[in-house]
Amino acid sequence: MKLYLAPLEGITGYVYRQAYHACYEDADKYFTPFLAPHTKRSFNARERNDLIPEHNAGMYTVPQVLSKSGEDVAAIAEELKAFGYQEININAGCPSGTVVSKGRGAGLLDDERALLHFMDEMFEKTDAEISIKTRLGMEYPDEFEGILKIYNRFPIKELILHPRVREDYYKNKPDWTMVEYALEYSRNPLVYNGDIFTVEDYERFTERFPTIDAIMLGRGVIRDPALIEKIRSGGIIDRAAELKRLYAFHNKLVTGYQEEMSGEKNVLFKMKELWFYLGTQFTGIEKPLKKIKKANSLIEYQAAVSEIFSTGAGK
Ligand SMILES: Cc1cc2nc3c(=O)[nH]c(=O)nc-3n(C[C@H](O)[C@H](O)[C@H](O)COP(=O)(O)O)c2cc1C
């Protein structure tokens, strides 16, 4: 099974990916959070930092592009080639109102004619390898029938399906009936994405879909960075060693963000967001978690984190 790390805007930037690469067995592919091409100028400093080869050494990284213009995608693909990227991923799933209202992300799925035009132009104007990360549609899962017919007209490297509609955001359950449908009718290789948080979730999925050979993991890995290794090893990982490694990974993130960003406040913001996910793998940490949320300095923050790791709390 190939296991990919999903793009998570604000979380899986290069600092996260580098720390992950240093501490854990690699994901088979890493996807950057979306880049939104600008017609007049090239990448901004943050995007450039995410893409440069030095920040992606030893990892197979796929840049993700958020656009509704095939021409813009083709232009950005050329710029990405200069960084050494042959494969790019298209975001056809972002549910955010500001993105969708501009016809991008899941908004691409709102109008089949526009989607077809976008795909036509993109495939005509670039020879880069294109994968698509898609939802089922905007409102109803059966919208996917028409959408898949469009995807089937193009040689997509991988069709990564997050089987929710835009209206779901991240609520409700991924629709596995539509995964069955996609498996039967997609002419392109299918990758699954959605709600695989534990080894048990993974096993339930592979039991039902034994022929799917690639899964993209998002929040599951952010909650438990060892998830990919647990899946590969069948769940056997020593908890004490695991916590030690998680602490080292955590500290690498803090150092990485300190180097990347100016000001403690920004670093604290990033780390607090991460604990929203990491906290779920511990029990009995309400007090230190509260201290993390309230921390005004990195010293206060690190003291609270040390409480969590030193008590060995854990499920
Ligand atoms: C905070 C956050 C940021 C995200 N950013 C992106 C993004 O930049 N591009 C994208 O395609 N999906 C993005 N997603 C969606 C994830 O890649 C993934 O599809 C979703 O979380 C479902 O997978 P999971 O259940 O394994 O987490 C984001 C999700 C979250 C929660």
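The values are calculated or read from the model by the stated rules, or taken from the named source; none is laboratory data. The structure displayed is predicted, hence computed values, not measured ones. We place every Cβ from the backbone using ideal geometry, glycine too, and count neighbours over all the protein chains shown. Quick note on the areas: whole protein, heavy atoms, side chains included, nothing else; ligands and nucleic acids left out. Shrake-Rupley method; radii C 1.70, N 1.55, O 1.52, S 1.80 Å.
Met1 contributes an accessible area of around 90 Å² to the protein surface, as traced by a 1.4 Å probe with all chains present. Just need the Rg to Rh number for the range 239-310, please, alpha carbons only, Kirkwood Rh. Using Cα coordinates only, the ratio equals 0.94. The listed residues Phe144, Phe123, once ranked by accessible area (1.4 Å probe) with the largest placed first, stand as Phe123, Phe144. Using a probe of 1.4 Å on the protein chains alone, the accessible area found for Arg46 is around 130 Å². Dimensions of the range 1-133 from C-alpha coordinates, computed as largest minus smallest value along each principal axis and given longest first, are 45, 30, 28 Å. With a cut-off of 20 Å on the backbone N, the residues of the range 186-204 near the modelled label site 7 Å out from Asn152 along Cα-Cβ are 186-192.
The 1.4 Å probe gives accessible areas that order Thr134, Thr311, Thr283, largest first, as Thr311, Thr283, Thr134.
Comparing Cα centroids, the range 162-190 and the range 121-156 end up 13 angstrom apart. Accessible area per residue for the chain is 46 Å², calculated with a 1.4 Å probe on protein heavy atoms, without ligands, DNA or RNA.
Roughly how many percent of the accessible protein surface of the range 103-181 is carbon and sulfur, given a 1.4 Å probe and a whole-percent answer? Its accessible area is 46 percent carbon and sulfur atoms. Restricting the calculation to alpha carbons of the chain gives Rg and Dmax of 19.9, 58 angstrom.
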